[in-house]
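In what follows, a structure is listed as C-alpha cells, so that the remarks can point back to it.
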Amino acid sequence: MSKKIEGFSKLSKTEKINWITQMHFEDVQNAKEIISTYNHSNEMVQNIHDEFIENSITNFYFPMGVAPNFLINGKQYTLPMAIEESSVVAAASKSAKFWASRGGFKAQILGTKKIGQVHFLFKGKTELLQSFFKEKKQMLIDSTSSLTANMRQRGGGIFNIKLNDKSDLIEDYYQLHLTFETVDSMGANFINSCLEKIATTLQTLAEEHKPFLNERLSIEVIMSILSNYAPDCLVQAEVRCHVNKLEVTDDMSGMQFAQKFIQASEIAQKEPYRAVTHNKGIMNGIDAVVIATGNDFRAVEAGIHAYAARNGVYSSLSHAFLERDEFVFQLKLPLSLGTVGGLTQLHPMVKWSMELLGNPNAKNLMEIVAVAGLAQNFAALRSLITSGIQKGHMKMHLLNILNQQNATVDQKKKAMQFFNGRTVTFSAVSDFLKSNI
Ligand code: MEV
C-alpha cells in the first residue's frame, strides 16, 4: 500500500491519527493507545497546538523540574527546567545552594542589540552603490515607520543601517546590515517584517535612481532575514568567593580545588574537543530554562555556538581564574530571548514558568538563563575534578535501567540499596532482577 498521501493537512485530527497508525504501525490499536494515553487530555491544549504548528496530532511531553535556591543579583529564584537528562536539575539545585551561601550569582547585561540583513547583488561600481545608499539611507529606514511605531514607543526600533561590500566573498554580493533593539520581544517577526519592507524599498528606489538607469543597473535582492548570531545581545554571569570557602571535599583544600578547576577551564578554552562537551554542559542549564520559558532554543543554540567560535577556534564560553585570594568563575554568552509575544502568552506552562520567575522582562530572563548555564557548568566541573561524573548520574541511570526492565517498586528499592557504591550496567541490573524476583 502506498504511503503517499494528498491533502493530509485537510484531515481532522482523528483522521490523521487513523491514517498514520494504519500506514506506519504493525499494532495499530497499540499505536493509537499510546497517543491517547500520553495525550494531554485537555482539549483546549490540543486546540492551541493546532495553531502553533501544522499537522499537530498530539503533544510530546518532557519532564518539567524546578531548581530552587538561586540567589541572583540579591533576589531569590526557583528556576523552571524542562529537560529529559538525568541529574541536570539535581546539579543545578546543588550549585544554587552552594553559591547561595557564598554571595549568590551576579549577572549583568552587556548589550541587547540584534542583527538583520538584506542580501543582494549589484553589478555596477561599488562607489555608485555607496553614494546611492548614502542618499537613500533615511528613506529606507522611514519606509518602516508604520511597522516600527509601537516598538519605538517602547524604546526599540532600528538603530543603525550599514552597507557592507561582500564582493570579495561572492561576486557582486552586498548586504544591508541592520541593528535592532526589540526590548522585551525576541523580535524575529518584527525584524523580518522590517527587513522585507526595506528590501522592497531598496529595489523600488534603485529602479528610479537616475545614475543606475543610465547604466542599466539594478539591485537584485536575494533574501532578507534576521541573523541568529547576536554577539551584541550579550549577558555575563559570575560567581566569586574566597578560595578558603571552596572546600568541597575532605581531601582537597579550597586552593587545590580552585587550581584544578582553573586547569579544567583552561583545557576547555584551548582544546575544541573538550570545549564542545564543556559548553554542552552549559547548554544543559540554558536550554532547560529557555524551553520552559517558551523561547526559541534552536536560535539560542546556533547563536551561542557561533559566539564560542568567534576567534576562529571553538572555545569554552566560561572562564575561571583567581583574583588575589578570590576564585572567580564567569560565563559570557549571547542570548536573544523574549518575555512577550511568541509562545509566552499562549502556552499555559510557559505562562506558569514566567510567573514562577516573577514575570521577568527580557533582560532579567537573559540574566536568569545565563546563571542556569553557569550553575550547570560549575556542577559538572566540580564533579569531573573530584568524584567523576558517573557517581551523580548513577542513581537516575539505575532507575532508567530498572524501568526499562519493568522492575517493581520493591525491586527498585532493593536495587537502589544493592547498587550503592557498585558499578551499574544493564547486565548487572538484569542479573540482580533475576535473583530478586
Ligand atoms: C553531560 O550532559 C554534561 C557534561 O559532559 C558536561 C561536561 O563534561 O562539562 C558532564
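The values are calculated or read from the model by the stated rules, or taken from the named source; none is laboratory data. Just so we're clear, the structure is a prediction, and the values are computed from it rather than from any experiment. Using ideal geometry, Cβ is built from the backbone for each residue, glycine included, and neighbour counts are taken over all protein chains shown. Note: areas computed on protein heavy atoms with side chains; ligands, DNA, RNA excluded. Shrake-Rupley method; radii C 1.70, N 1.55, O 1.52, S 1.80 Å.
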Problem - Residue under evaluation R102, criteria (1) open to solvent by 70 Å² or more (accessible area, probe 1.4 Å); (2) touching a Lys or Arg at 6+ places or on another chain (Cβ under 8 Å); (3) in the same structural domain as Q330 (by TED's automatic domain parsing), criterion not met - result: (1)
Problem - Among the candidates V221, V243, residue that is assigned by TED's automatic domain parsing to the domain that holds F159, away from the ligand (no atom under 16 Å from the Cβ) and modelled with pLDDT of 95 or more - result: V221
Practice task
Could you tell me whether any residue of region 311-328 is touching a Ser or Thr at 6+ places or on another chain (Cβ under 7 Å), open to solvent by 10 Å² or more (accessible area, probe 1.4 Å) and farther than 18 Å from A237 by Cβ?
Solution key: no
Problem - Residue that is farthest from E127 (Cα to Cα), among those in region 152-178 that are out of contact with any Cys (no Cβ under 9 Å at 6 or more places or on another chain) and of a type in the set (G, A, S) - result: G155
Practice task
Kindly state which helices (runs of 4 or more DSSP H) lie completely within region 338-416 and contain at least 1 residues that are at pLDDT 95 or above and of a type in the set (F, W, Y).
Solution key: 348-356, 362-385
Practice task
Being open to solvent by 40 Å² or more (accessible area, probe 1.4 Å) and either under 30 Å from K75 (Cα atoms) or in contact with a His (Cβ under 6 Å, 6 or more places away or on another chain) (or both) narrows it down to one of K125, K137, K162, so name that one.
Solution key: K162
Completion exercise
How many residues of region 356-383 are within 16 Å of the ligand (Cβ to nearest atom) and open to solvent by less than 20 Å² (accessible area, probe 1.4 Å)? The answer is 9
Completion exercise
Taking region 273-297 and the residues there that are away from the ligand (no atom under 14 Å from the Cβ) and not hydrophobic (A, V, I, L, M, F, W, C), the one that is least open to solvent (accessible area, probe 1.4 Å) would be T293
Fill in the blank from the handout: Within region 421-436, the residues that are farther than 30 Å from D250 by Cα and free of Cβ contacts under 8 Å to residues at least 24 places away in the same chain are S427, A428, D431, F432, K434, S435
Practice task
Restricting attention to region 1-24, report how many residues are touching a helix residue (DSSP H, G or I) at 6+ places or on another chain (Cβ under 6 Å), surrounded by 12 or more Cβ atoms within 10 Å (Cβ to Cβ) and in a loop (DSSP other than H, G, I, E, B).
Solution key: 0
Completion exercise
The correct count of residues that are of a type in the set (V, I, T) and at pLDDT below 95 in region 246-263 is 2
Problem - Conditions (1) more than 26 Å from G342 (Cα to Cα); (2) open to solvent by less than 90 Å² (accessible area, probe 1.4 Å); (3) touching a Lys or Arg at 6+ places or on another chain (Cβ under 9 Å); (4) in contact (Cβ under 8 Å) with a residue 60 or more places away in the chain; number of the one not met by T112 - result: (1)
Practice task
Check whether at least one residue in region 53-71 is farther than 30 Å from Q236 by Cβ, among the polar types (S, T, N, Q), open to solvent by 50 Å² or more (accessible area, probe 1.4 Å) and not assigned by TED's automatic domain parsing to the domain that holds Q345, and report yes or no.
Solution key: yes
Practice task
Give me a count of the residues in region 158-201 that are in a strand (DSSP E or B) and closer than 25 Å to I219 by Cα.
Solution key: 16
Completion exercise
Residue count, region 384-420, condition touching a residue at least 12 places away in the same chain (Cβ under 8 Å), within 16 Å of the ligand (Cβ to nearest atom) and open to solvent by less than 60 Å² (accessible area, probe 1.4 Å), comes to 5
Practice task
Return yes or no: is I267 open to solvent by 70 Å² or more (accessible area, probe 1.4 Å) and more than 16 Å from the ligand (Cβ to nearest atom)?
Solution key: no
Fill in the blank from the handout: Within region 424-437, restricting to residues that are open to solvent by 50 Å² or more (accessible area, probe 1.4 Å) and either part of a helix (DSSP H, G or I) or modelled with pLDDT of 85 or more (or both), the one that is nearest to K260 (Cα to Cα) is T425
Handout entry: Failed item, numbered, when E301 is tested on (1) touching a residue at least 12 places away in the same chain (Cβ under 8 Å); (2) within 14 Å of the ligand (Cβ to nearest atom)
Key = (2)
Fill in the blank from the handout: Among E220, E208, the single one that is over 22 Å from L365 (Cβ atoms), out of contact with any strand residue (DSSP E or B) (no Cβ under 9 Å at 6 or more places or on another chain) and not basic (K, R) is E208
Exercise for the section: Answer with yes or no whether R274 is in contact with a helix residue (DSSP H, G or I) (Cβ under 6 Å, 6 or more places away or on another chain), modelled with pLDDT of 95 or more and more than 25 Å from A362 (Cα to Cα). Expected result: yes
